[in-house]
Amino acid sequence: MAPYESHELRRGKYARLDAPEDDDLDTPTRFSSESNMTLEDLEEHDPLAFDSKIKRKKSAGDLKIRKASYRDAESAAPAPLERWKGSRAPGRCCCWLLTFIAAIVLILASGGIWAWKVSVPKDGLSPPWYPTPKGGTDKAWADSYTKAADMVKQMTLPEKVNITTGTGWSMDMCVGQTGRVARLKFPSLCLQDGPLGIRFADNITAFPAGITVGATWNKELMYLRGKAHGKEARLKGVNVLLGPAMGPLGRLPAGGRNWEGFGSDPVLQGIAAAQTIKGIQDEGVMATAKHYVGNEQEHFRQSWEWGLPNAISSNIDDRTLHEIYAWPFADSVKAGVTSVMCSYNQVNSSYACQNSRLLNGILKDELGFQGFVQSDWLAQRSGVASALAGLDMSMPGDGLRWAKGDSLWGPELTRSVLNGSVPIDRVDDMVTRIVASWYQVGQDKWDDQGPNFSSWTNDRVGKLHEGSPSDHAMGVVNQYVNAQGEGKDAHKNLVRRVAAEGTVLVKNEDKLLPLDRKGWKKSKKSKRRTKYRVGIFGEDARLPREGINHCSDQSCNEGTLASGWGSGAVKFSYLIEPLSAVRAAFDNATVYVTDWPENKLPSQKEVLEDQDLCIVFVNADSGEGYEHYGSIRGDRNDLNLQKGGDKLVQDVAKDCGKGMGDVVVVVHTVGPVILENFIDIVNVKAVIIANLPGTESGNAIVDVLFGDVNPSGRLPYTIAKNEDDYGPGSKIKYLPTPSDGLAPQQNFSEGLYIDYRHFDKQDITPRYEFGYGLSYTQFTLSSLLIKESGAKTSFPKPRPEGLTPPSYSTHLPDPKSALFPEGFHKVERYIYPWLDSLKGVKKHKSENLQPQSPLSDAGGGPGGNPDLYTTLLTVSASLANIGLLDGSTVVQLYISFPKNYTDNETGEAVDFPVRVLRGFEKVHVEAQKTDGQLVTFEVTRRDLSYWDVKRQNWVLPVGEFGITVGFSSRNLVLQGKW
Ligand code: BGC
């Protein structure tokens, strides 16, 4: 299979990059997740990976053969010459030819040796953490665990396994579905994307993307959008929503999926994720915090998808992992999230879905996660190793290849329990976690109707097992339930609100905005004309010509951009494009509107020269790596506007009203774009970053343009003047480098210094800083008050004891009971938990592989040690609106850690960012309300601590903290100390 080649999955209606065919697997892969495990070790401990997976055996054999053939090549080299000596002497030319061939063989062989050597993971990059902590330690989950344990106690081994493993890609209605235990009324769980709407479904809402939600900085809207999304999931019969996304976090401004998350800062991501999770779960739907962790780019994110056997390794130091990338996951766990999805990539040379340090250690021990870990789709790369490392659910159940019915779990998990490779209590814990999560959100009260839509067809009647080539069972698969809400509860109202509040006004010279529906503003009334003339330009203003859903998973940038592409996109039920909405908003009695909704302008300039005002729509798109649009393979190739956007703005500005017309630029974008090619043009008076607004795009931009909504969006990322200003660590790795070995390596060597932290440290002036945005009114802040409410001690209190998790009999069943029931009708390629034969079930003596890893002092409660969440400071300020319009603003709190701090025990210097965001509040204040509105922030111990790698704990450094409050990361009008 050629790299990057996309295959249409014939059985489904959606394109998906296929997994390799058998032949592709000849290239050796690295199997060991834990860097201290050798291949032989893993072979011994992982019968799933080696005994029963032909493909893996084949690959393992290859590794050995490769080593042997190198030696053979060396020792066998003279042999042909000997033979020739005895018979016919070769000519000189033959000798040269043979020497040449031998040289080539030697070069290739040494290349092979080199590649093999460099591909061996460095020892200890990802330390082991075993065994998996059991769920059931948190009192907020106590009832659910009690009920779950009662149910799990009644389950047979195959029943348990059935709940842990998906039935296979496109085998049921949802993108992922688990097996059911009908006998105990435990349903097949439907897992569906998320995170901006219900993917592959009809009559649903395309909400604004995560990045737009982040740009609102409005906690209430974050919650409400989650809740509405959860409600739609509930109505469609979805048990587990695959969102919110908080990884990628935004380390790389061109990262293809940044738009699914909330912005390039852990605190913004964490708060938005927690609010979203609460919203979704308050509707009784399980939420998924994804992708854990380090999946910052699309290139090489996944094995084989990019033509390489191994996924990229995100090499992240422990402090950065804690303070940046795992931070929002801690908030998600604290918010009670029921599921976490591990990501495709490796972290420190160990696949995220079998990385025991990440799953067992950080997530389940330190953060006290009580729900279940599901794999991203085919992110699971081993059977036993992933089970032992803390994976609880294999999604979509397929093993290393799509839709082949060859699971790494399913029957293989059953077998590995019976032969002692996976302790039964690990499987009990997996199932208990899943069942407890189901109880935790109240799904035991649902009628088991299952999903009422199909991901694979729009027809009412369709195949029940789309992915099976030989099964033709049919049924009603689409019931077209309208989930969009009605009347005042219609979700479109919320979409419009979020989209308008997530719109960021970055430039507004001469108060050009808000516009007047009647055209001329009083001060500018022209006597020359009766009508004000407006031109609307750019393809981004109109609908795509071929329909709003004509590209699979929205993987094309045609017409107006309202979402990025990939599994995080949905089919629009409708899309309000800017062109018709803006047109309709002007009063046509006094305004004449013309449009040219293309990026290539006509040669006749009248359409421009006649205008008093030109509104230009431009964009930049990206998406998930299994699809591409033109040369954009998920990640953007640069941070420029796409489809000639810069030139369009320049040309419009040049000729609009013969260079005298006012220009407004609206940018729909997946992330930061470089604005330098037009931002300083004098008549480009207003620039709006409208992010990805979702289905109500046109209405939302009208709200902002005309001032029905006073803009209060703030940038959830920095907009630089130059791409290079983001720093060397901000670059996508588009190609592997020679030093990588067989897996591309990506060192997060900038550590904590991403986005504004980098700009601040290097003292680089951005075009617009993180947290920046304008309003049509003017706010002031005063009266900073810092009140200490807790002791300034270095360490949190000792870790508290948790509850005792449920325990079960460790007696293994008779293996025969795990065989397929007699006469069972199998659907081809469907994944079942039963065994075909008893091969490989012979119990071998199980050894205790690893001693118990020490429990983390930073653990003991949801999101970590409860004392980390103790409020140590209460910071307040007074906000006034001194302008003439009502409006909202975002008051932001940043803290600076003590300067020149050294650890007083070790004497080591500890470096800190200049400032870090620690809180924000969106506050509405009426016009000219100058008596001040109180804004309060609670600052916790965690907010004031750094992760001490040696002590493996959060430490509050001794010294003076800077406490600053303001309107952006660089406009901090109030400054205090603690
Ligand atoms: C994506 C996940 C998604 C899953 C199921 C994967 O390709 O990375 O975010 O939830 O597919 O659609």
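The values are calculated or read from the model by the stated rules, or taken from the named source; none is laboratory data. Just so it is clear, the structure is predicted and the values come from calculations on it, not from any experiment. Neighbour counts are summed over all protein chains in view; Cβ atoms, including those assigned to glycine, are modelled from backbone coordinates with ideal geometry. With ligands, DNA and RNA removed, areas are computed over all heavy atoms of the protein, side chains included. Shrake-Rupley method; radii C 1.70, N 1.55, O 1.52, S 1.80 Å.
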(message) Against the conditions (1) of a type in the set (Ser, Thr, Tyr); (2) part of a strand (DSSP E or B); (3) farther than 25 Å from Val704 by Cα, where does Tyr626 fall short? Just the number, please.
(response) (2)
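Quick grid of which residues meet (1) away from the ligand (no atom under 15 Å from the Cβ); (2) surrounded by 24 or more Cβ atoms within 10 Å (Cβ to Cβ):
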{"site": "Asn258", "(1), (2)": "no, yes"}
{"site": "Ile271", "(1), (2)": "yes, no"}
{"site": "Ile280", "(1), (2)": "no, yes"}
{"site": "Ala311", "(1), (2)": "no, yes"}
{"site": "Ser349", "(1), (2)": "yes, yes"}
(message) Please verify whether Glu323 is away from the ligand (no atom under 16 Å from the Cβ) and among the acidic types (Asp, Glu), treating the condition exactly as stated.
(response) yes
(request) Taking Phe779 as meeting all but one of (1) open to solvent by 60 Å² or more (accessible area, probe 1.4 Å); (2) touching a Ser or Thr at 6+ places or on another chain (Cβ under 9 Å), write down the number of the exception. (result) (1)
(message) Please go through the range 208-225 and give me each residue that is open to solvent by less than 10 Å² (accessible area, probe 1.4 Å) and either within 16 Å of the ligand (Cβ to nearest atom) or over 23 Å from His668 (Cα atoms) (or both), ordered by number.
(response) Ala209, Gly210, Ile211
(message) I'm told Ala233 meets every condition in (1) within 16 Å of the ligand (Cβ to nearest atom); (2) touching a Phe, Trp or Tyr at 6+ places or on another chain (Cβ under 9 Å) except one. Can you identify the failing condition by its number?
(response) (2)
(message) Residue pairs, Cβ under 7 Å, 6 or more apart or interchain, first in the range 551-570 and assigned by the TED database to the domain that holds Ser697 and away from the ligand (no atom under 13 Å from the Cβ), second open to solvent by 10 Å² or more (accessible area, probe 1.4 Å) and aromatic (Phe, Trp, Tyr). List them.
(response) Cys556/Tyr629; Asn557/Tyr629
(request) Could you check, for the range 644-663, whether at least one of its residues is hydrophobic (A, V, I, L, M, F, W, C), open to solvent by 10 Å² or more (accessible area, probe 1.4 Å) and under 25 Å from the mean Cα position of the chain (by Cα)? (result) no
(request) Scan Val476, Val570 and give me the residue that is on the phi < 0 side of the Ramachandran plot, open to solvent by 30 Å² or more (accessible area, probe 1.4 Å) and among the hydrophobic types (A, V, I, L, M, F, W, C). (result) Val476
(request) Identify, by number, the condition in (1) open to solvent by less than 10 Å² (accessible area, probe 1.4 Å); (2) more than 15 Å from the ligand (Cβ to nearest atom); (3) closer than 26 Å to Leu413 by Cα that Leu184 doesn't meet. (result) (1)
(request) Please find, among Gly559, Gly535, Gly564, the residue that is small (Gly, Ala, Ser), more than 30 Å from Thr457 (Cα to Cα) and open to solvent by less than 20 Å² (accessible area, probe 1.4 Å). (result) Gly535
(request) Out of Leu715, Leu641, Leu613, Leu675, report the one residue that is buried (at least 22 other Cβ atoms within 10 Å of the Cβ), within 18 Å of Ser555 (Cα to Cα) and touching a residue at least 24 places away in the same chain (Cβ under 8 Å). (result) Leu641
(message) I need the full set of residues from the range 883-916 which are among the hydrophobic types (A, V, I, L, M, F, W, C), closer than 30 Å to Val709 by Cβ and outside any strand (DSSP E or B), in order please.
(response) Leu884, Leu885
(message) Can you go through Phe329, Phe262, Phe300 and tell me which one is within 16 Å of the ligand (Cβ to nearest atom), open to solvent by less than 10 Å² (accessible area, probe 1.4 Å) and on the phi > 0 side of the Ramachandran plot?
(response) Phe300
(request) Determine which member of the set Ala245, Ala228, Ala254 is modelled with pLDDT of 95 or more, among the small types (Gly, Ala, Ser), touching a strand residue (DSSP E or B) at 6+ places or on another chain (Cβ under 7 Å) and crowded, with 24+ Cβ neighbours inside 10 Å. (result) Ala245
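Condition check ((1) modelled with pLDDT of 95 or more; (2) in contact with a Lys or Arg (Cβ under 7 Å, 6 or more places away or on another chain)) across all residues:
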site: Lys492; (1), (2): yes, no
site: Val495; (1), (2): yes, no
site: Val498; (1), (2): yes, yes
site: Leu505; (1), (2): yes, no
site: Glu509; (1), (2): yes, yes
site: Lys524; (1), (2): no, no
site: Arg528; (1), (2): no, no
site: Arg533; (1), (2): yes, no
site: Phe537; (1), (2): yes, no
(message) Can you tell me how many residues within the range 157-183 are within 15 Å of Met430 (Cβ to Cβ) and either at pLDDT below 95 or not in a helix (DSSP H, G or I) (or both)?
(response) 5
